[in-house]
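Just so it is clear, none of the values below were taken in a lab; they were calculated from the coordinates. Please read these numbers as outputs of a predicted model, since none were measured by experiment. Every residue, glycine among them, receives a Cβ derived from its backbone with ideal geometry; neighbour counts consider all protein chains shown.
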Amino acid sequence: MRHNIDKGLLLVVAATTTAHFIKLWLWNGREIGFCWIRYLRQIAKNVDFVNPSQGTMCSMVKTMPSFHSCFPEARSTDCSPLPHISHAAQPLPSLPEAASSSWHFTFQPDVVIDIPTAYGYHISNVPNERPGVSNQGWDEYGSSPLAAAAHSGEVCSGFRTYAPLYLAALSGDWDVAERIFESDHEAVRARITRAQETPLHIAAGARHVTFVENLVRKMTPADLALQNKVGNTALCFAAVSGVTKIAEVMVNKNKRLPLIRGSEGATPLHMATLLGHREMVWYLYNKTDSNRLTDEDHHGLLVAAITSDLFDVALKIIQKHPKIATARGRNGETALHIMARKPSAYQSGSQLGFLQRCIYASLHVELSGNSSAIHKVPFIKVVYDQKLMHTQALALVKCLWSEVLKMNELQVGELIRTPSRLLFTAAELGIIEFLIELIHAYPDLIWKVDTQSRSMFHTAVVHRQEKVFNLIYEIGALKDLIASYRDETNNNMLHLAGKLAPSDRLKTDSGAALQLRRELHWFKEVEKIVQPLYREMRNSEGKTPQTLFMEEHKVLVREGEKWMKDTAASCMLVATLIATVMFAAFFTVPGGDNGNTGIPIFLKRRSFTVFAVSDALSFVSSAASILMFLSILTSRYAEEDFLHSLPNRLTIGLGTLFISVATMMIAFCATLFLVLGHGVCKAKIPIALVACIPVSLFALLQFPLFADMVSHTYCSRMFSRPSRHLLH
């Protein structure tokens with residue numbers, strides 16, 4: 001049953017839609033006008049009328065698609081979507097979202113009808129207010145200045161007139177924006193979102209350089225300083241976007257912009273630093289008067305630069321304001337504490353491949369990082385940038401320490417001896433460069449212990465940091481004294497080696513067998529350091545180091561056995577297939593043989609010689625591979641076997657398997673050349689290449705495992721005395 005509704009409301013809706021239809025008809029032609037009529041009819045079909053006594057006058061309960069999705073033939077930008085109708089309980093969606101998604105509409109006594117068109121219709125019975133939401137109940141943006149700066153506000157219903165301007169700024173369409181500015185000169189500084197953002201805010205955040213350049217020409221310096229609801233200027237949006245050209249255009253017109261603080265009292269420089277936009281940071285750093293910044297500002301910039309890996313910026317800040325090197329943040333930490341938790345900032349914490357390590361060692365970089373010739377080669381540039389970052393980080397640590405050492409002895413001791421801070425954090429993460437700088441400046445650190453009575457070498461054993469542990473060989477006979485330390489539960493250093501390594505350190509090796517091998521290496525190496533009595537010493541739980549190792553690694557031994565058997569069985573199957581094929585191929589030579597003498601017809605051809613030799617090598621190597629994998633399957637799988645015996649067998653088995661695969665490919669290509677002869681010489685090479693794809697895929701997919709096995713079995717130098725005297 002249909003009920004009567006407010007006739008005035010219907011009149012307003014009818015008048016508005018009729019006017020809109022007339023403009024569409026006149027400006028866009030009959031086809032667009034008819035589309036609009038059909039669209040209004042579709043809306044009418046989706047209106048359900050309910051009893052007014054239930055608190056609402058009418059409710060559109062069916063979801064409506066947008067105008068353009070219903071009528072794709074209507075492509076003109078002047079064809080607007082369905083008028084947006086909202087009520088007191090619903091906040092308005094943003095215009096870009098509303099123009100492309102489905103809506104749910106409700107009529108309530110406080111009704112606002114907004115038509116986001118280029119003609120600026122706005123009908124409301126609550127003028128100049130955001131409908132249904134009190135002026136004090138605006139959106140919350142969170143505590144981070146970046147969250148507020150990056151927010152592109154939704155179009156406020158009170159400013160629905162500027163919806164097309166919002167879209168133009170968001171998409172960088174200057175032609176549309178310019179027509180709006182010609183008809184409304186105040187639009188250049190208008191607040192067009194419910195976050196009180198101007199078109200410049202939106203365009204800067206959307207990274208439209210040309211739009212911003214044209215818009216700034218129309219604005220006064222005071223217009224550029226307008227702030228949104230949380231205090232961010234358009235320069236804050238530019239700083240977050242990272243486009244330096246946009247910031248230059250603004251600052252050139254208003255030199256005060258870099259000092260206008262935004263959300264949470266953060267400067268644009270601070271916001272750009274938090275996001276790591278190096279070019280933007282350097283530009284704003286040179287344009288921001290540091291004398292107008294407080295020590296707290298400088299410390300915040302320093303921390304942000306270190307967090308974002310902008311070590312060159314951090315070094316510049318320390319050199320210009322040295323006293324903040326020892327300043328503490330809200331959590332009581334200095335910049336050194338933050339540097340101690342960044343293993344990626346140092347070479348010891350970087351995961352470089354073999355070729356990258358070779359390039360890394362041959363490169364010479366300076367703190368400035370000016371090397372245009374290097375930057376022309378992308379692969380070398382990646383390694384160069386990484387080494388430059390490591391060099392800058394190490395220079396920053398040295399600079400910070402030089403300022404720390406200017407403090408009195410009591411302050412330095414309090415800074416360094418704080419448990420689980422500088423020394424032990426760096427030892428836990430394996431940052432050897434940082435530790436060396438600490439020990440050079442404060443040699444007594446090698447004797448310090450944490451709350452569990454463990455030295456930095458004990459910490460290195462617990463976390464399996466071999467580079468830190470190798471420093472123990474540089475302290476001579478003193479290592480025997482440090483190795484005699486026992487923790488609160490009477491665990492000596494060998495007990496700590498007997499415990500299972502942290503999961504993140506275990507994952508450095510592929511496969512449980514290699515993980516167990518590394519654990520055994522650690523146990524054997526620490527066993528050489530401790531006193532013979534300590535090998536049988538019991539901890540507070542009555543366990544010897546060997547017993548503890550067996551209990552902790554029980555599961556890893558089972559997983560290693562399973563992994564080794566599965567790998568050997570899979571590879572053995574492939575080796576058996578290759579051996580079978582190569583054995584049969586040798587007695588069915590390509591081209592056949594002479595029926596009278598039994599001599600192969602192509603015996604004197606060079607391709608036949610290549611076939612015979614490669615076939616024999618493939619068969620012999622595959623047979624050797626089968627024997628190696630068979631010995632693995634029949635092994636006893638004791639813990640000691642994972643140290644040398646099983647890895648060696650698997651490495652030999654994989655090596656001979658790859659030889660058999662490679663020689664099988666050569667034999668196949670030689671056969672192809674013999675069979676096809678000279679008649680189809682153009683097709684021989686493509687056919688050979690295509691036929692080799694499956695075998696090549698097997699070799700490529702299994703090669704990483706083979707390379708890992710070789711590097712761990714023969715090339716690994718986990719524990720070695722440093723070639724250079726790092727601590728002296």
With a 10 Å radius around each residue's Cβ, average the other Cβ atoms per peptide and rank 473-483, 227-237, 261-271, highest first. 227-237, 261-271, 473-483
For T267, residues with placed amide H under 5 Å, excluding near neighbours: G262
With labels modelled as points extended 7 Å from the Cα through the Cβ direction, what inter-label distance (nm, one decimal) is found for R636 paired with R292? 8.0 nm
Please give the peptides 501-507, 177-183, 637-643, 435-441 ranked by average Cβ packing (other Cβ atoms within 10 Å per residue), highest first, as a rough proxy for protection. 435-441, 637-643, 177-183, 501-507
Taking a crude spin-label model, label points 7 Å out from Cα along the C-beta direction, the Q452 to C358 distance in nm is 4.2 nm
Taking the dipole about the Cα centre of the range 187-293, with the C-beta of Lys and Arg at +1 and of Asp and Glu at -1, give me whichever of G262, A195, A272 is farthest to the positive side. A195
Provide the packing ranking of 325-331, 426-432, 385-391, 566-572, i.e. peptides ordered by the mean count of other C-beta atoms within 10 Å per residue, highest first. 426-432, 385-391, 566-572, 325-331
The distance between the Cα centres of the range 271-336 and the range 202-225, in whole Å, is 28 Å
